[in-house]
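A short reminder: the numbers here are calculations on the coordinates, not readings from a lab. Keep in mind it's a predicted model, so treat the numbers as computed, not measured. Reconstructed Cβ throughout: ideal geometry from the backbone, glycine too, with neighbour counts over all protein chains shown.
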Amino acid sequence: MTEQKRMNRTARIVITIVASVVIAVVTVVIYFGFRAYSGMNTAFEIALNDAGVLAQHAKAVDVDFDFGLRGTVYEVEFYSQRHKYSYVIDSDGTILQGTGLSEEGSTAQQSKDSSSQSAPHDETVSDITEQHAKQLVLSQAGIDETQIYDYDCEIESFAGVKVYEIEFGYNGYEYTYYVNTANGAIVQHGKKFDL
């Protein structure tokens, strides 16, 4: 009988330990799942703010989250007018990657100051220089030229359009812009965390 009581006691201890572990795991999963889910709205707002799009103009919104090495990462995609925006945002609100691309490969986002900037006398609106394209990009990004590093510019073809491919580093991010050489329109832009 003593042996039977000892086995019953051991079985109860094992069951108690297993139940405690299961409860702890379920609690942690629920906590982090709820935390990740509640951060989806914040990630969406950060993407909208970066893209300069009002919430009521965003269509076909898709916000997902995944658990990575850095914690929770949010993937945000939406359309505004005929432009597609795609972002990867860390749980602390850091934009790890963000792009804006027109469905037709045309202007995704014009420079906010392009209408107030006039072309120098030796160039026309139909043919901008690399320096003018650089100024448009930095103005749109809100970055001072003295703060960038690893600047590179090449002429490429993007969706059948001749563009300046402008790349530079700033504040731990790598920025890439495609600027139409004919009219200065920003065809696509993006940034990603510079590892």
Checklist outcome for this item: Restricting to aspartates and glutamates and to Cα separations under 12 Å from Lys191, and discarding same-chain partners fewer than 8 apart, the set is Asp50, Glu167, Glu174
Next on the checklist: Between Val28 and Thr42, what is 0.36 nm times their sequence separation minus the Cα-Cα distance? Round to one decimal in nm.
Outcome noted: 2.9 nm
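If you stretched the chain out fully between Tyr151 and Thr16, how much longer would it get, using 0.36 nm times the residue separation minus the C-alpha to C-alpha distance?
That works out to 42.4 nm of additional length.
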Checklist entry - Measuring from label point to label point, each 7 Å out along Cα→Cβ, what is the Lys192 to Glu3 span in nm? => result 6.6
